[in-house]
Amino acid sequence: MSTDGERPQRHEEIDAILDRKPGTREVRDEANRYTVVGAADRSTYADWLTSIEDHFVCHRNRMPEIDADSWSVSLTGLDSDISLSMDTIQEEFPTVAVAHTMECAGNGRGQHEPETSSVQWGCEAAGTSMWTGTPLRSVLRAGGIDDAPEEANDRWLTAIGGDSVDEEVFARSIPLSKAIEDSILAYGMNGQPLPKEHGYPVRLIVPGWYGVNNVKWLDELRVMDSMVTEGSLDRPGTHARWQQSDYRLYPSEGEPAAHETIAETGTEAQLRSGAVDHPYTFDAMVMSLIGRPGDEEAIELASANASIEILGVTWSGDDAIDGVEISTDGGDSWADAEVFGPDYAGAWRLFRYGWRPDPGTYTLCSRASDEEGRTQPARISDPEKEEWSEAIESETFPWNEGGYAANAYVPNAIEVTVTTAE
Ligand SMILES: Nc1nc2c(c(=O)[nH]1)N[C@H]1C(S)=C(S)[C@@H](COP(=O)(O)O)O[C@H]1N2
Ligand SMILES: [Mo]
């Protein structure tokens, strides 16, 4: 069975997940390779918490069947390696809950023109849950690593999934500083045991970082002096595809060069500063989505003066949201929305806007800005007309080969019609 071919049981797996998650639906996968489910519709973006039933699922390989009683996570790259049983992870360390907005780095890929390969997500690959588990800081300390996050500079933690097949290891590296700061080994989701498709019995949660960094069915954590590169793990097979080839931002065909380490890890900072050649998708870019009203909704006002509440969610990776604006004319004019609700680092916030429309047809957009002064761009560049560097300088989102990290607001606009009851 080759990883590039169709997997025979793939459709059975997808159907079983759809049965367990009635709020989700299948998404078109150009290469027909991923097990992918998308959130049902944008109404989930009118709530702060995403239910398990509505949360999207994304993984490439067949889900491993894991017996939690005999499963252990090994912590390696230390003077003496340790093996952590599920009992040890759950009983011998503190239990914490973190809020995390899981956004697939491919969210918005389907908005790229020309089309890029792989899963054609619109904007339905995002959700926020409360994840319960063990702080990585505590586990690392047990392994003899008790640095403060700022002293962990230039070291990396590589997480390896138990779903590695055909000698292709699923491995992702995050800076050791982020691991120590707020990442957890999660075994619970919204107060339930971690469901199988979300990584049972244990996964990594890296608050505010793109989905791919949140390795499911965690098998090994390895402390390293560099990110995973080809041949850097003590395992057979290929190691670096998911870190060094896929999930990086670059203009067209060609293999990005592998880096052992990078000085700047913020995704947007890598992209806009040019400090990192072919940026890695780490923390999520500034983003917002309207959840209510729904796209193509026909709204009947009870009276001429009635107002409509526009509701949505907004997030920006490791950075706080500064504000959200709403346009009801496709982006020509803007008014401030109110950002409110739960405020956890690494998770989205809600926004609302009270709108008093006259009867008519409207194009609604939301545009978020963060504390670093970054604002969502209007559109994704056209690679046939604009160079990569031009797109970046003109604050357009650069069309990229893998279709990652798109955060333009025009492609997420919704159309509504408003009438008044007679
Ligand atoms: N082991 C493993 N972990 C993985 C993946 C995978 O294929 N294998 N997919 C990643 C990707 S691309 C995403 S977007 C998130 C999705 O998490 P969810 O399915 O719980 O929503 O899981 C990540 N963790
Ligand atoms: Mo993803």
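Here is how the numbers come out for the structure above:
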{"item": "The stretch 89-103, residues that are in a loop (DSSP other than H, G, I, E, B) and either buried (at least 18 other Cβ atoms within 10 Å of the Cβ) or within 16 Å of ligand 2 (Cβ to nearest atom) (or both)", "result": "Phe93"}
{"item": "Given (1) under 30 Å from Lys21 (Cα atoms); (2) outside any helix (DSSP H, G or I), number of the condition Glu260 does not satisfy", "result": "(1)"}
{"item": "Of all residues making up the stretch 43-77, the number that are touching an Asp or Glu at 6+ places or on another chain (Cβ under 7 Å), under 19 Å from Arg25 (Cα atoms) and assigned to a loop (DSSP other than H, G, I, E, B)", "result": "4"}
{"item": "Boolean, Gly211 is free of Cβ contacts under 8 Å to residues at least 12 places away in the same chain and either within 16 Å of ligand 2 (Cβ to nearest atom) or not charged (D, E, K, R) (or both)", "result": "no"}
{"item": "Strands (runs of 3 or more DSSP E) contained in the stretch 104-198 and holding at least 2 residues surrounded by fewer than 21 Cβ atoms within 10 Å (Cβ to Cβ), touching a residue at least 40 places away in the same chain (Cβ under 8 Å) and more than 10 Å from ligand 1 (Cβ to nearest atom)", "result": "126-135"}
{"item": "Single match in Thr116, Thr158 (criterion: of a type in the set (S, T, N, Q), modelled with pLDDT under 95 and either within 16 Å of ligand 2 (Cβ to nearest atom) or touching a Ser or Thr at 6+ places or on another chain (Cβ under 6 Å) (or both))", "result": "Thr116"}
{"item": "Failed item in (1) within 15 Å of Asn412 (Cα to Cα); (2) surrounded by 14 or more Cβ atoms within 10 Å (Cβ to Cβ), with Asp329 passing the rest", "result": "(2)"}
{"item": "Residue among Val212, Val223 that is aliphatic (A, V, I, L, M), farther than 26 Å from Arg62 by Cα and not in a loop (DSSP other than H, G, I, E, B)", "result": "Val223"}
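The values are calculated or read from the model by the stated rules, or taken from the named source; none is laboratory data. The shown structure was predicted, so the numbers you read here are calculated from the model rather than taken from an experiment. Cβ: placed from backbone, ideal geometry, glycine included. Neighbour counts: every protein chain shown.
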